[in-house]
Every structure is written in C-alpha cells, then in structure tokens.
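Presented below is the structure to which this report refers.
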Amino acid sequence: MSAIIDIQNVSFRYNERDILKNISLTVEAGDFVAVLGHNGSGKSTLAKHLDAILVPSEGKVLIGGLDTSVDSNLEAIRRRTGMVFQNPDNQIIATVVEEDVAFALENLGVPREEMVKRVDEALDAVGMLEFKKHATTKLSGGQKQRIAIAGVIAMRPDVIVFDEPTAMLDPQGREDVINIAKKLNGQGITVIYITHYMEEAAQAKRVVVLNDGEILIDGTPHYVFQNAGLLKSVGLDVPQSTSLMFLLRSRGIKVPLAVLNEEECVSVLTDILHERTGNK
Amino acid sequence: MIKDITIGQYFPGDSFIHNLDPRVKIVLAVLYIAFLFIIQSAAAYLFAIAVTLFLVCLTRIPLKMYLRGLKPLLFILVFTALLNVFYSSGEPLVTFWIFTITAQGIKNAIFMILRIFMLVVSTSMLTYTTSPIVLTGGLERLLSPLAKIRLPVHEFSMMMTIALRFIPTLLEETDKIMNAQKARGADFETGGLIKRAKALAPILIPLFISAFRRADDLATAMECRCYTGSAEGRTHFVEYSMSPSDYVSLVFMAVLIAAAILLNFVTVMGI
C-alpha cells in the first residue's frame, strides 16, 4: 500500500490569516480517515486542497504523486478525486436525476453507451436506481446527497472527499450517507470524511483532529477518543458513550475510556454490574 | 402560493406531438410560422384554421389553455383590428363623420386576428408540449454548427439549464425569507405601491446574497466534476434520434406549405 494523499508542510493563508499551519499528513490507499474539528478549524480548507480547488500558500499536496499546484495535473487529479459537499442543493446541476449523475462523464467525454452503464451502476450503489427519471428538486435532502455521491462514483475515483456531507440532513439521511461511505471504502475507495459528528468519526479507521489549522491528534478512533480531556479542551465533544466512561472514571470506577458506541457501552456496564453484584 | 407560478408553461403528456424530437419540433414551429405568413386567400385561411385546430386536438391539451395565452394580447388584437377596419382603401361600405368602413378593411381585420390567433396557438404548442430543459437541449443541438463561428452556444445552453434548475430552489427560498421577515413583523400586504416596493428590499437582499453563495458553491462542484467550461471533447448523455413520426411530421409540413401556396389561387365566394 502506498500513500495516495501526501500533504507536505502545507500552510494556507487567506486575508492575512493562517488557516492551515504547516500541516503534514499522509493517507494510504484504501484508508477511511475522519477529519474532526470545530468551525473555523480549517477542516474544509484542508478538504479543498485535496481536489486542487485551493492550492497551498506553502508546501505541497500530492494526490497519487501528482502535484496539485501544477495546472496540467488538474484534470488527472479531479478524475481520481471526487468531492461531496455540504449543501445538497448547491451541487446538483441537472433537473433529472440520471442527467445529473452523468454530468462528470459528459465532461470527461465518456461515450454514451459506457455512460448509461456507469450511471445505472452508480445509482444502484447509492440505492437510488428507481429514482433515475425523477426531478432532482423533488427529492429529500438525504436523497439529493445520495445523488451527489452517485455523480462522484460514476467518475470511478480512487479517493472520495466528503466535506461535512451530513450537516444539513435529518438523522435518517445522515445514517444513509455514512453507510454508503463505509460501503465504498469496503470496495477499496479511499475515503476522507470531514464531519463534526463524533458518532460518524467513530466509525472511521483513523481520526485526525484539527484545531486552529494544526493537527491536534491523529490515530485510531479508540486512541483519539481516549484523550477525551484534550478534545474537550478545544471545544469538541466525544461520543456520548465515551463521555459517560470519562465521568465514571473520574468517580474512581475502573472502566476503559475508548468505548465508541452504545453496544460496547452496554457490554462494559453489564460487566461492571455483574462484577459488583457478584462481590456482594 | 409563490410556488404556483409555472414557468415555461409545460403540460406533461404523452401525445404524438409531445413525443416528437425537440429539434424537429423547433424546426416545425418555425416552418409553421412561415406557413401562416404564406396564406393569403380565404380558402387558405380556412385550411389553416382547420389544420391548427387539428394540431391542438393532437396535443390533447384543451383549447382553453391556448386561448389563455391570447389574453395579454387582447388589446393589441383589438387595436390592430380597428386600424385595419378604418384605414383600408377600397369601395366604402358605410361612411359616418370622418370614418369610412370598406369591405377590404373588414376582410383585413378578420384575417389579421386569425393570423395572430394561429401564431400564438402554434408557438404556445411548442412550449406546452416540450419541457424547458428538453427545449434547451434541442436548441443547443440545432444551433451547435454556430459554435464554429464562435457563438457561445454551449455556454448559453448551460446557463439556461442552470437557471431552470435553480428556479424552484430560489422560489422556495423566497418563500422562506418572506416568512422569516413576516415573523419579524414585516408587512408586505398593505400600503401604496411605493411602500410595498420598499418592503421588498428585506427579501431581495438576502435572496441575492444567498444566490451568489449558491453560484459559488455550484461552480466549485462543477469544477470538481471535471467541468472546464468548453464544449470541446464533451459527450452528451441525452441523445436525440429521429423516429418515423418525426419524418412523417416534416413531410406533413412540406405538404401544408405546398397546399397553402396552391390555395392562395383559389377563390371562395369572390374573396
């Protein structure tokens, strides 16, 4: 496995303000990296560097070995990297679902027969095949976001960057999107998932926390959420179950800190209760 | 309430005319306008009216809908008719004060009204039976040869497509902003024209700001999906192909024009 994303000492300055400060990060092909951070931490700016929408003020971003600051690399980079944005309304171009999914393919000059096949495949992958002839404006937010993902899948990218894709969705839509992201990662696509929902970040293979344009902590979800105190100090919340463990520990009860979801939480609590009642 | 505004006035359907290739339909509409200007004699007019009504039946959209399109033109219709009645030369039929009415004038007035009526019906037929987006697509393909002389055909059609896509989104947003301002006590319903126009500012400004933000987001999203702005090397997902009914329609149109020319030489009851 080689590094598909290689961010080397990247700084980004905008209006005299340092948004990113000397960030270095490499991502292996096939990884699922969640990027966490509060508003203004620079996480969206970082995402925009991955598809050459922004280029670093200093340092270098290499996508599959291609430098994003070289204009002749643009098409190749955008072909390999897909992006899904926060507002589903602002990334749908066509009025009919299948035409929107085909947009990138039209731009790439894919022949029509191939296009029809890929559009159907992409819509199937997000479970929206039956909506193929529907008007895009009539869909729910979650459905629109799935169409946007299908539009990216149709390009057959190596990397998909999700830039807070669930921020404007209802709980059902959020769950659909994270599940699709996990499924795509299972098929070998590298996923960068920017979010401020801890529960979503907990499902990634690796979590990177940004604070004020710098990497605060980087590691597996278990490792990152163990540092609940550090996360809280920069205004980030840990998943509720982790938070509960944190409180129990401060009361002197010996529990593991990195408990990421409700099932784990329940099993840890029942174990402790069994232990105590067994002692009596 | 604001969502009721229909733009482009498309009536979805599955009629023979609905299913024609949009490129053919645009060409047919242009030819039909030419046909309406060729007809001169009463016989030709009768023929044209019969054909127009036949086409209206073919679209399966009630005639009432077509007549609605005439309403804004009512004034112009009456005005041109009156001008024709009073200002035509020929044998006077009736004379009173400074006005003379001639048989020629009455004939001209009737013909003029019929011609405008048929023009409106036939052009409405194009927009009633073709969705705006398909119409734009058809127009782009028809005009694509003009791109060779550097006319921005692709750019124009992309602009139209995006505008059509965002109309419902922006209408919805207008509704939302209006409600938000009403909740803060804004009053849009009372007062004179100037007061009401002024009351629109708190709607328009947020609407514009949000439209610009959307435009920026959309441009980024389009770039991410490899859009470069040029039509070169692009392929099309929607493909139009001519079916037998398209050829039949074109032949029918040719026959119509030939018939109109011939009928111009036929006189009915001396007209």
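Numbers for the structure displayed
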item: Normalised per residue, the volume of the convex hull around the Cα set of the stretch A:99-187 (Å³); result: 96
item: Chain B: Cα Rg divided by the 2.2 N^0.38 Å rule of thumb; result: 1.33
item: Three-way shape label, chain A, alpha-carbon gyration tensor, a/c 1.5; result: oblate
item: About the Cα centre, charge dipole magnitude for the stretch B:162-231 (Lys/Arg +1, Asp/Glu -1 at Cβ), debye; result: 200
item: Farthest positive-ward along the protein assembly as shown dipole, Cα basis, beta-carbon charges - from A:Ala76, A:Leu108, B:Leu135; result: B:Leu135
item: Normalised alpha carbon radius of gyration of the stretch B:1-160 [divisor 2.2 N^0.38 Å]; result: 1.30
item: Relative contact order [Cα under 8 Å, 6+ residues apart], the stretch A:1-141, whole percent; result: 19
item: For the protein assembly as shown, calculated [θ]222 nm from helices alone, where every DSSP H run of n ≥ 4 adds -39500 (n - 2.57); result: -16500 deg cm²/dmol
item: Rg to Rh quotient for the stretch B:104-256, alpha carbon positions, Kirkwood Rh; result: 1.12
item: Which listed pairs, of A:Lys205/A:Lys254; A:Lys132/B:Lys25; A:Lys144/B:Lys25; A:Lys205/A:Lys232; A:Lys144/B:Lys182, have C-alpha distances above 23 Å, in listed order; result: A:Lys205/A:Lys254; A:Lys132/B:Lys25; A:Lys144/B:Lys25; A:Lys144/B:Lys182
item: 16 Å Cα-Cα reach of B:Lys107 towards aspartates and glutamates, excluding residues that sit fewer than 8 places from it in its own chain; result: B:Glu91
item: Chymotrypsin sites (Phe, Trp or Tyr not before Pro) restricted to DSSP loop in the stretch B:70-134 with at most 13 other C-beta within 10 Å; result: B:Tyr87, B:Trp97
item: Kirkwood-based shape ratio for the stretch A:175-280, expressed as Rg/Rh from alpha carbons; result: 1.04
item: Partner lysines for A:Lys60 [C-alpha distance under 22 Å; skip if fewer than 8 residues away on the same chain]; result: A:Lys21, A:Lys43, A:Lys48
item: Residues of type lysines that B:Lys176 reaches as a straight line, Cα spacing below 16 Å, ignoring anything fewer than 8 places off in the same chain; result: B:Lys3
item: Assigned charges on the beta-carbon of Lys, Arg, Asp, Glu; chain A dipole about Cα centre (debye); result: 560
item: Dipole of the stretch A:1-72, positive direction: furthest Cα of A:Val55, A:Thr45, A:Ile7, with charges on the beta-carbon; result: A:Thr45
item: Bridge type composition, chain A - antiparallel percent by DSSP, nearest 5; result: 55
item: Relative contact order, percent, chain B [alpha-carbon distance under 8 Å, six or more residues apart]; result: 32
item: Chain A - percent relative contact order, Cα under 8 Å, separation 6 or more; result: 21
item: Net charge contributed by nearby residues that have their C-beta within less than 13 Å of A:Ala204 (K/R +1, D/E -1); result: -1
item: With at most 12 neighbouring Cβ atoms within 10 Å, loop trypsin sites (Lys or Arg not before Pro) (DSSP) excluded, longest segment of chain B; result: B:1-149
item: Cα gyration tensor shape of the stretch A:229-277, rounded if a/c is under 1.5, else prolate or oblate by comparing a/b with b/c; result: oblate
item: Calculated diffusion of the protein assembly as shown, Stokes-Einstein form, Kirkwood radius summed over Cα pairs, 37 °C and 0.692 mPa s, µm²/s; result: 115
item: For peptides A:15-25, A:147-157, sequence by mean Cβ density within 10 Å, most packed first; result: A:147-157, A:15-25
item: Partner chain coverage, peptide A:87-100 - average Cβ within 10 angstrom; result: 6
item: Convex hull of the stretch B:162-231 built on C-alpha atoms - directionally averaged projected area, nm²; result: 6.1
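No value in this document is a laboratory result; all are computed from the given coordinates. All of these numbers come straight from a predicted model, not from anything done at the bench. A quick note on method: Cβ atoms are made from the backbone with ideal geometry, for glycine too, and the neighbour counts reach across all protein chains shown.
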